[in-house]
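Trainee: Pasting a structure here, questions to come.
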């Protein structure tokens, strides 16, 4: 899955190119996958493959600040005990 940095996400939102957003759980952390055209792209940080959030509320707040108001939540792999063993 391709990665996106925050500045790229802002540009895509401004261009109206984001078709959907999903918050996915991995243990007690959350990450974002964005639908851009026909591709799925993960939000990345400068140091890690994907940007992770400990708090779903904070992730949703950040997306709303960008202008993404609709987010699908997938808690299939959520575990309050930490990272899920997949």
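Trainee: If you go through region 15-26 one residue at a time, how many are closer than 18 Å to residue 5 by Cβ, surrounded by fewer than 16 Cβ atoms within 10 Å (Cβ to Cβ) and either touching a helix residue (DSSP H, G or I) at 6+ places or on another chain (Cβ under 6 Å) or free of Cβ contacts under 8 Å to residues at least 12 places away in the same chain (or both)?
Mentor: Total meeting the criteria: 1.
Trainee: Filter region 27-37 for residues that are under 18 Å from residue 2 (Cβ atoms) and crowded, with 16+ Cβ neighbours inside 10 Å and give the result.
Mentor: The answer is 31, 32, 33, 34, 36.
Trainee: Among the residues of region 42-61, write down those that are surrounded by 16 or more Cβ atoms within 10 Å (Cβ to Cβ) and under 20 Å from residue 76 (Cβ atoms).
Mentor: 42, 43, 50, 51, 52, 53, 56, 59, 60
A short reminder: the numbers here are calculations on the coordinates, not readings from a lab. Quantities reported herein were computed from a predicted structural model and do not represent experimental measurements. Quick reminder, even Gly has a Cβ in these numbers, built from the backbone with ideal geometry, and neighbours come from all protein chains shown.
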